[in-house]
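Below is one structure, written out as structure tokens, with a few remarks after it.
The values are calculated or read from the model by the stated rules, or taken from the named source; none is laboratory data. For clarity, every value in this text was computed on a predicted model and none was experimentally measured. Virtual Cβ from ideal backbone geometry, glycine too; neighbours counted across all protein chains shown. Areas reflect the complete protein model, heavy atoms only, side chains present, ligands, DNA and RNA absent. Shrake-Rupley method; radii C 1.70, N 1.55, O 1.52, S 1.80 Å.
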Amino acid sequence: MQPEVIAFLLLLTPLTAAALIALFFRRSEKIASVLSVGAAGLIGVLAYLLVFQAGPFEKTFEWLTLGSFSVSMGFSMTPIAQLMLLVVAFVGFFIHVFSLGYMKGDPHVARFFGAMSLFMFSMIGLTMASDLIMLFIFWEMVGLCSYLLISFYHSRPSAVAAGNKAFIVNRIGDFGFILGIVWAYWSFGTTNLSEIQVAIAADPSLAITPIALLLFCGAVGKSGQMPLHVWLPDAMEGPTPVSALIHAATMVAAGIYLLCRVSAVMTIDALTVIMWVGTLTAVYAGLCAIAQRDIKKILAYSTVSQLGYMVAAYGLGSLLAIENGADALVGAMTGGVAAAMFHLTTHAFFKALLFLGSGSIIHSCHHEQNIFNMGGLAAKMPITFLTFTTGYLALIGFPLLAGFFSKDAILYLALEHNKLVFVLLVFGALLTALYMTRLWCVVFWGKPKTGKAEGANESGPVMIVPLIVLAVGSIVAGYTSFYPGVFYDFVHAIPHPEGGEYWLIVILSVLAVIVGFAFSVAFYKPGAHQDNLQRKLPAIYSLLAKRLWFDQLYNWYVAKVQQRLAQLLSFFEQLIISGLMVRGVGGLASLLGWSGRSLHAGSIHGYVYWFFAGVLVLWLITFGF
């Protein structure tokens, strides 16, 4: 079978499932769930065939032609796209399976699975896109699906508000993204990713900082980087499998994937900005996570922080390669892309595991999400405890687990390029160990604090099996031999430290984990009934709980600046544009028309008036005003 045929079937499979559910099975829970999960399984099979049988390829066709303007669409299966496709297919399937148990009994299951299938269609299209315009179309569809799933419980005002917030904040980033696409077409004469890469390879001066930063705006919005990070923690209003699929493993990682696909346009100045945005986001989100009580919001801020690590890795690796003599394109395609995609892959496993593990906990605790209302769940939910612990250890960088390898690769790049960034990222690693140990101790140890926690029991097999599979992935995904063929070479493109530098990174990384773990255990106490930070240091707790006032700042800006500017523009539009320019011109034309008609009305009075008016005008012309 031709690779493009497999790619087309891969794209068509989830779209067909979504269409069938929407048109015929909106009230059939069983058929809708079977269709969606079956489509997710078929996606996995087709993705395997496309990656391991077909290999890298590109197939495009002309989609739209308007004069000299032409847009092509098609499939571009580069090694980056192959890796991303496998992540989407593998993780997506097991999250769909988990959803069978988690969403059981919900009256809107069909709508949920229909939206999930539509999301898979959108994410696969984004992954395989060969052109910036095609990528942007699927990019916006992913945003739509995110909105539909965040506000899934539309009877809750908080869910509706969170969906609107995600949609609006992402529009800000996407506005910059589309300006970058327009500028790219103006500069290169094409939006095809391969053609842009060829053009810049022939003439590196075509790569300019404004294009790179405008395209980066899309990643800032989608991947929750500062200052457009505010939507992602609130997005936890959707069902927990949504948080695992969209806001941990795939959609938010699309921003990182975008950066890797447009590496050719990057400049040193743009990469420096990207490095600092990622670094500051990683530290900021880690601080905010310390003061969260909702188990999903803690994981959400953890996601923002880890995405910051990926963005920083992309900038660091690319800059380091350029410093060592590689040109911009080669530099970005080796150090930066490899490090970012490596951490993206490992993160997809352990963060999806943590979100699904939290879903198992929430489901068993009758939808309780406050960690200080839990406790003692290690004995009541042993499999969830063991798998969640695996994900927790992988996230904090415990030696020999997935996160240890991918995070240490980032720390090496930071140590080689920028010592201040290195210190900040090590501090971010310490924060990760601190807030995740706080969650782990409070939720699983001590005694149950409420009746909901007391009545908790282990989830069923349909929810446990995905946890076990993802736990295995959280262990083995860090070993480069896990990536066969082209992926092995791709991951090995990350520079490897040698000698003392390697041991310095390992020692500091492990030390950060130990210090964060020990401090958290000593300060919060296993099974704590209240937040000791809030009790002992209320000022610091209040500062972190308010997220450093980002939301308040945005609210002030909208109410005091944007709204008043909108009112001023509305007044200008009503008075000048609609008033003088539209109604005024129309009124003047009507007046002239009425005056002209009076010349031919056949009335002697009218003629007399016009006669004297003419005499007055002639007198003024002759003798002056």
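Here are some residues: LEU232, LEU299. Which one is in contact with a His (Cβ under 7 Å, 6 or more places away or on another chain), closer than 30 Å to VAL443 by Cα and of a type outside the set (Phe, Trp, Tyr)?
The conditions single out LEU232.
Filter the range 30-58 for residues that are within 26 Å of HIS108 (Cβ to Cβ) and either over 25 Å from the mean Cα position of the chain (by Cα) or of a type in the set (A, V, I, L, M, F, W, C) (or both) and give the result.
LYS30, ILE31, ALA32, SER33, VAL34, LEU35, VAL37, GLY38, ALA39, ALA40, LEU42, ILE43, listed by residue number.
To keep it simple, each residue is scored yes or no on (1) assigned to a helix (DSSP H, G or I); (2) within 25 Å of VAL182 (Cα to Cα); (3) open to solvent by 10 Å² or more (accessible area, probe 1.4 Å); (4) in contact with a Gly (Cβ under 7 Å, 6 or more places away or on another chain).
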position	(1), (2), (3), (4)
SER243	yes, no, no, no
MET251	no, yes, no, no
ILE256	yes, yes, no, no
LEU259	yes, yes, no, no
MET275	yes, yes, no, yes
GLY278	yes, no, no, yes
THR281	yes, no, no, yes
LYS296	yes, no, no, no
ALA300	yes, no, no, no
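Does at least one position in the range 172-190 carry a residue that is closer than 30 Å to VAL37 by Cα and surrounded by 21 or more Cβ atoms within 10 Å (Cβ to Cβ)?
No, the range 172-190 contains no residue that is closer than 30 Å to VAL37 by Cα and surrounded by 21 or more Cβ atoms within 10 Å (Cβ to Cβ).
Identify the single condition in (1) at pLDDT below 90; (2) closer than 30 Å to HIS367 by Cα that GLN225 does not satisfy, given that it satisfies every other one.
(1)
Any residue at all in the range 488-506 that is open to solvent by less than 30 Å² (accessible area, probe 1.4 Å) and at pLDDT 80 or above?
yes
What is the number of the single condition among (1) open to solvent by less than 10 Å² (accessible area, probe 1.4 Å); (2) more than 22 Å from THR345 (Cα to Cα); (3) within 28 Å of the chain's Cα centre (by Cα) that VAL442 does not meet?
(3)
For SER509, are the conditions met, namely being modelled with pLDDT of 85 or more, over 25 Å from GLY92 (Cβ atoms) and surrounded by 16 or more Cβ atoms within 10 Å (Cβ to Cβ)?
yes
Is there any pair linking a residue in the range 549-574 that is free of Cβ contacts under 8 Å to residues at least 40 places away in the same chain to one that is small (Gly, Ala, Ser), with Cβ under 9 Å and at least six apart or on different chains, and which?
GLU573/GLY579
Based on what the data block shows, is MET103 farther than 28 Å from GLU195 by Cβ, open to solvent by less than 20 Å² (accessible area, probe 1.4 Å) and at pLDDT 80 or above?
Answer is yes for this residue.
So GLY325 passes all but one of these: (1) assigned to a helix (DSSP H, G or I); (2) modelled with pLDDT under 75. Which condition number does it fail?
Checking GLY325 against (1) assigned to a helix (DSSP H, G or I); (2) modelled with pLDDT under 75, the one that fails is (1).
Can you tell me how many residues in the range 127-171 are more than 30 Å from THR60 (Cβ to Cβ), polar (S, T, N, Q) and either without any contact (Cβ under 8 Å) to a residue 12 or more places away in the chain or buried (at least 21 other Cβ atoms within 10 Å of the Cβ) (or both)?
The number of residues fulfilling the criteria is 2.
Got a number for residues in the range 362-375 being of a type outside the set (S, T, N, Q), farther than 16 Å from ARG438 by Cβ and surrounded by fewer than 24 Cβ atoms within 10 Å (Cβ to Cβ)?
5
Can you find, within the range 176-221, the residue that is farthest from the chain's Cα centre (by Cα) among those that are closer than 20 Å to TRP139 by Cβ and not in a helix (DSSP H, G or I)?
Only one residue fits best here, namely THR190.
Any residue at all in the range 390-405 that's of a type in the set (Ser, Thr, Tyr), open to solvent by 20 Å² or more (accessible area, probe 1.4 Å), over 21 Å from THR240 (Cα atoms) and in contact (Cβ under 8 Å) with a residue 24 or more places away in the chain?
No, the conditions are met nowhere in the range 390-405.
Are there any pairs with C-beta distances below 8 angstrom linking a residue in the range 275-292 that is among the polar types (S, T, N, Q) to a residue that is part of a loop (DSSP other than H, G, I, E, B) and open to solvent by 10 Å² or more (accessible area, probe 1.4 Å), with the two at least 6 apart or on different chains, and if so which?
Here the result reads THR281/MET226, each pair linking the range 275-292 to a residue that is part of a loop (DSSP other than H, G, I, E, B) and open to solvent by 10 Å² or more (accessible area, probe 1.4 Å).
Could you tell me whether any residue of the range 46-60 is more than 21 Å from GLY359 (Cα to Cα), of a type in the set (A, V, I, L, M, F, W, C) and open to solvent by 60 Å² or more (accessible area, probe 1.4 Å)?
yes
Restricting attention to the range 263-273, which residues are open to solvent by 10 Å² or more (accessible area, probe 1.4 Å) and at pLDDT 90 or above?
ASP269, THR272, VAL273
Please list, ordered by first then second residue, the pairs with beta carbon atoms under 7 Å, 6 or more apart or interchain, first in the range 57-77 and farther than 16 Å from LEU135 by Cβ and part of a strand (DSSP E or B), second of a type outside the set (Phe, Trp, Tyr) and open to solvent by 100 Å² or more (accessible area, probe 1.4 Å).
Within 7 Å, the pairs are SER70/GLU62.
For the condition out of contact with any His (no Cβ under 8 Å at 6 or more places or on another chain) and in a loop (DSSP other than H, G, I, E, B), what is the one hit in GLY105, GLY125, GLY173?
GLY105
Per-residue answers, yes or no, for (1) surrounded by 13 or more Cβ atoms within 10 Å (Cβ to Cβ); (2) touching a strand residue (DSSP E or B) at 6+ places or on another chain (Cβ under 9 Å); (3) not hydrophobic (A, V, I, L, M, F, W, C):
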{"residue": "LEU533", "(1), (2), (3)": "yes, no, no"}
{"residue": "ILE540", "(1), (2), (3)": "yes, no, no"}
{"residue": "ARG564", "(1), (2), (3)": "no, no, yes"}
{"residue": "LEU569", "(1), (2), (3)": "no, no, no"}
{"residue": "MET581", "(1), (2), (3)": "no, no, no"}
{"residue": "GLY587", "(1), (2), (3)": "no, no, yes"}
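Just to verify a result, which residue in the range 18-30, among those that are in contact (Cβ under 8 Å) with a residue 12 or more places away in the chain and part of a helix (DSSP H, G or I), is most open to solvent (accessible area, probe 1.4 Å)?
GLU29
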